[in-house]
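All remarks here apply to the structure that follows.
The values are calculated or read from the model by the stated rules, or taken from the named source; none is laboratory data. Bear in mind the structure is a predicted one, so any value in this text is a computation, not a measurement. Neighbour counts run over all protein chains shown; Cβ positions are idealised from the backbone, glycine included. To get the accessible areas, we keep the full protein, side chains included, count just its heavy atoms, and leave off ligands, DNA and RNA. Shrake-Rupley method; radii C 1.70, N 1.55, O 1.52, S 1.80 Å.
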Amino acid sequence: QVHLVESGGGLVQAGGSLRLSCAASGRTFSNYSMGWFRQAPGKEREFVAAISWSGARTDYTDSVKGRFTISRDNAKNTVYLQMNSLNPEDTAVYYCAATRLYRSDHANQYDYWGQGTQVTVSS
């Protein structure tokens, strides 16, 4: 079992930045690739970014490339999502998730999920 807790969400103006953190506990963190997903009201959960076990590979959905950066610190059992140049379309609940696969952008391939953290971007 892997327990995930997100933090760092909040209200920010368009053009601003936030850094989300996801702290993991339980099984060996470095055995899991990590992903960030988001879900806006009335919309399906969508992939945002993922990072492989060691951090060697990262993937992003097109709409956040160049603005968001995913990283991890295996010594701290934590994955981060640095979000810059935020716009109102980024407003959503952001979830971190863990998978034993090397990489995936499919939510149904992730085994463990956090409770989510709200990000609201005002125009």
Considering segment 1-29, residues that are in contact with a Ser or Thr (Cβ under 7 Å, 6 or more places away or on another chain) and not hydrophobic (A, V, I, L, M, F, W, C), and then whichever is nearest to Val121 (Cα to Cα), we arrive at Gln13
Looking at (1) open to solvent by 40 Å² or more (accessible area, probe 1.4 Å); (2) modelled with pLDDT of 95 or more; (3) over 20 Å from Ser104 (Cβ atoms); (4) assigned to a strand (DSSP E or B), which is the one condition that is false for Gly15? (4)
For segment 46-59, which residues satisfy the criterion of being open to solvent by 90 Å² or more (accessible area, probe 1.4 Å) and either at pLDDT 95 or above or in contact with a Lys or Arg (Cβ under 7 Å, 6 or more places away or on another chain) (or both)? Arg57
Among residues of segment 60-83, those that are closer than 25 Å to Gln1 by Cβ, buried (at least 21 other Cβ atoms within 10 Å of the Cβ) and of a type in the set (A, V, I, L, M), counted: 3
Filtering segment 95-111 down to residues that are closer than 21 Å to Gly9 by Cα and out of contact with any Leu (no Cβ under 6 Å at 6 or more places or on another chain), which residue is modelled with the lowest pLDDT? Ala107
Subset of segment 84-118 that is in contact with a helix residue (DSSP H, G or I) (Cβ under 9 Å, 6 or more places away or on another chain) and open to solvent by 40 Å² or more (accessible area, probe 1.4 Å) - its residue that is farthest from Cys22 (Cα to Cα): Glu89
Residues of segment 76-123 being among the small types (Gly, Ala, Ser) and not in a loop (DSSP other than H, G, I, E, B), which ones? Ala92, Ala97, Ala98, Ala107, Ser122
